[in-house]
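A short worksheet on the structure shown next.
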Amino acid sequence: MQRTYIKDLKNKIGEEIQISGWVNVRRDHGKLIFVDLRDMTGMVQMVVLPNHKEAHQIAEKIRPEWVLEVRGKVNQRPDNMVNTDEENGEIEIEVLEIKTLSEAKELPFEKKAELNLDTYLDYLPLTLRTEEKQAVFKVQARVIQAFRTFLMNENFVEIQTPKIIGADAEGGAGVFEVDYFGNKVFLATSPQFYKQIMVGVFEKVFTTGSAFRAEKHSTARHLNEYTSLDFEFGFIKDHHDIMNLENKMLKFMVDKLKENCQTEFDLLGAEIPKVPDQIPCLKLKKAQEILKKEYNENCVGEPDLEPQHERWLCEYAKKKYKSDFIFITHYPVSKRPFYTYEDENDKGFTKSFDLLFRGVEITTGGQRIHDYNILKKAIKDRGLDPANFSFYLQAFQYGLPPHGGIGTGLERLTARLLNIKNIKEATLFPREINRIDTLLNK
Ligand code: AMO
């Protein structure tokens, strides 16, 4: 018999069917055994009657997470048993035969139990199976899909970039060293060099993949391995072209989330954000003046924003512009990686930006230096040796147009979309200083 997915059972009342899935819960009522079975499409209540002896004997033993193949009959529930709040609340499967595909050991805690973060992380193969966690990562999958679809519609070409690299792009960021057959190389902190090189090949490119940062601290917004959503394109006028494209991409993404993920947002009690036609945009200096005026915070002239400043600026953007997003531009040259373009009309400051969303920076982007000699000088000015970047520099010797792009942290974006406080809960298998799957100090 062919398998029926649980979501399709409603249309098969009175029919004999076969379903497969995991036991969510078993409840015994005298001789009747009720089992909720779930598959990738939903959940249904099954009842095992004592007259189906063989099935009943198996049902007496099964525990949550056992994997079953069940033959049964789809019955309409009696009126007094209908539960309109429940998915499939009007039907019930009368079990005729059970085949155990896999047993599960006793669970260490109730699936619905509130767990502390460490316990949640210790048992991910199990704790990821809740409806809430499924919702988080379904939304995340849709975020990537929307990013990809939007850019492909805009004629961008998807590329894959290496994760083992010879020289680091991001400067300030912590870098993991790797022993590569006796040579010291690094794990990529971003796809930066390669996406720029590929502008010389395809003009418009994007990539999604792991980026590695040797963050020595464990915070609610940092991971040691995260997923970076990057695009890069040529023939721009300035950084506004890039911000406009990201703005358009976010609008598309939010539309797709409304289309496909409203149930997941409702389940998690989160609101799909509105993306304005023009996300508000402030220069860093102006943002700092606002912080002083509105929040009595004197940070004017500081080279960067603190996390609390980002939260305040988002609060301000919500109040003043009714926007969950705000761009901050013109960070000082000294605070940005060497490839960042200096604004010729605002010397010392860059045509680069961060995008803040619900209190956290989710994107960095900007125009890049495309002139070989200026870039070489920028490398030297940082005390770095251009010879270490000779491979990347070739792209500029053989002609690169004015270009720029963005990098967005997928997990930060997911966390902010769904109001998840700690980024680790928006990451399937988070890597942090104390843990690679299991605690490192154990
Ligand atoms: P940046 O270093 O600001 O810029 O990183 C871009 C975005 O990546 C995310 N991110 C992180 N997420 C989780 N844990 C981390 N440790 C972490 N570090 C960064 C953030 C951040 O906004 N090459 C540039 C991008 C560009 O200009 O195109 C870059 O990597 O969401």
- Message: For 414, 438, 130, give me the order by solvent-accessible area with a 1.4 Å probe, most accessible first, ignoring ligands, DNA and RNA.
- Response: 438, 130, 414
- Item | Cα Rg, Dmax (largest Cα-Cα span) when computed across the chain, Å | 26.7, 85
- Would you please state which residues of the range 31-45 a label at residue 12 would reach in this model, taking the label point 7 Å out along Cα→Cβ and a backbone N cut-off of under 15 Å? 37-45
- Item | Debye equation applied to the C-alpha atoms of the range 103-178, log10 I(q)/I(0) at 0.16 Å⁻¹ | -0.90
- Item | Tilt relative to the chain, helix 284-295 - C-alpha long axis, 0 to 90 degrees, to 10 | 60
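When only the heavy atoms of the protein chains count and the probe is 1.4 Å, how do 194, 5 rank by accessible area, highest first?
Details: 194 55, 5 85 Å².
In descending accessible area the options line up as 5, 194.
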- Message: Per residue, how much accessible surface does the chain expose to a 1.4 Å probe? Answer in Å², no decimals.
- Response: 50
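Can you compute the equivalent ellipsoid semi-axes for the range 306-393, i.e. the square root of 5 times each eigenvalue of the Cα gyration tensor, sorted largest first and rounded to whole Å? Provide the component values of the computation, followed by the final result.
Details: eigenvalues 198, 30, 22 Å².
Over the Cα atoms of the range 306-393, the ellipsoid semi-axes are 31, 12, 10 Å.
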- Kindly sort 176, 252 by accessible area of their heavy atoms, largest first, with the probe set to 1.4 Å. 176, 252
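Return a whole-number percent for the relative contact order of the chain, with Cα pairs under 8 Å and 6 or more residues apart as the contact set.
Details: 839 pairs, mean separation 57.0, N = 442.
Reported as a whole number, the value is 13 percent.
Expressed as a whole percentage, what fraction of the accessible surface of the chain belongs to carbon and sulfur atoms when a 1.4 Å probe is rolled over the protein heavy atoms?
Carbon with sulfur: 49 percent of the solvent-accessible area.
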- Per DSSP H run of at least 4 residues, take -39500 (n - 2.57); add these up for the chain, divide by its residues and hand me the 222 nm value, nearest 500 deg cm²/dmol. -9500 deg cm²/dmol
- Measuring from the longest principal axis of the C-alpha atoms of the chain, the long axis of helix 372-381 (C-alpha) lies at a number of degrees, nearest 10, equal to 90
- Query: Taking only Cα atoms, what is the 0 to 90° angle, nearest 10, from helix 307-321's long axis to the longest principal axis of the chain?
  - Reply: 80
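Wrap a convex hull around the Cα atoms of the range 6-102, take a quarter of its surface area, and give that in square nanometres. Numbers along the way, then the final one.
Details: hull surface 22.9 nm².
Dividing the Cα hull surface by four gives the mean projection, 5.7 nm².
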- Item | Inter-label distance, nm, simple model (7 Å from Cα along the C-beta direction), residue 295/residue 241 | 3.3
- Can you give the relative contact order of the range 6-102 as a percent, counting alpha carbon pairs under 8 Å and 6+ residues apart? 32
- Item | Environment charge of residue 335, counting only residues whose C-beta is closer than 10 Å and scoring Lys/Arg +1, Asp/Glu -1 | -1
- Message: Would the range 168-234 count as rounded, prolate or oblate if I go by the C-alpha gyration tensor, calling it rounded below 1.5 in a/c and otherwise prolate when a/b exceeds b/c, oblate otherwise?
- Response: oblate
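What are the semi-axes of the equivalent ellipsoid for the range 68-147, taken as the square roots of 5 times the Cα gyration tensor eigenvalues, largest first, in whole Å?
Numbers: eigenvalues 179, 81, 47 Å².
After diagonalising the Cα gyration tensor, the semi-axes are 30, 20, 15 Å.
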- Expressed as a rounded percentage, what relative contact order does the range 69-161 have, with Cα pairs under 8 Å and six or more residues apart? 19
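What length, rounded to one decimal in nm, is gained on full extension from residue 203 through to residue 183, with 0.36 nm per residue of separation minus their alpha-carbon distance?
Values: separation 20, 0.36 × 20 = 7.20 nm, distance 3.32 nm.
Between residue 203 and residue 183, full extension yields an extra 3.9 nm.
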- Rh (Kirkwood; distinct C-alpha pairs) - the range 1-63, Å: 12.4
- HN-Hα J couplings of the range 416-430 from phi, Karplus 6.51/-1.76/1.60, θ = phi - 60°, integer Hz, Gly and Pro as x? 6, 4, 9, 6, 8, 5, 10, 4, 5, 7, 10, 10, 4, 10, x
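For residue 359, what charge total do you get from the other residues with a beta carbon under 13 Å from its beta carbon, if Lys and Arg give +1 and Asp and Glu give -1? Present the calculation step by step, with values, prior to reporting the outcome.
Values: positive: 221, 311, 318, 358, 412, 416, 421; negative: 306, 310, 315, 324, 354, 361.
Net local charge, residue 359 excluded: +1.
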- Item | Net lengthening on full extension, residue 277/residue 262 (0.36 nm per residue, minus Cα-Cα) | 3.2 nm
- Item | In range of the label at residue 32: residues from the range 44-83 whose backbone nitrogen is under 12 Å from the point 7 Å along Cα→Cβ | 46-50, 77-82
- Which whole-Hz ³J(HN,Hα) couplings does the range 14-26 yield from phi under the Karplus relation 6.51 cos²θ - 1.76 cosθ + 1.60, θ = phi - 60°, glycine and proline marked x? x, 9, 8, 9, 10, 10, 9, x, 9, 6, 8, 7, 10
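The values are calculated or read from the model by the stated rules, or taken from the named source; none is laboratory data. Quick caveat: nothing in here was measured; it's all calculated off a predicted structure. No Cβ is skipped: glycine too gets one built from the backbone with ideal geometry, and neighbour counts run over all protein chains shown. The area values use the complete protein model at the heavy-atom level, side chains included, leaving out ligands, DNA and RNA. Shrake-Rupley method; radii C 1.70, N 1.55, O 1.52, S 1.80 Å.
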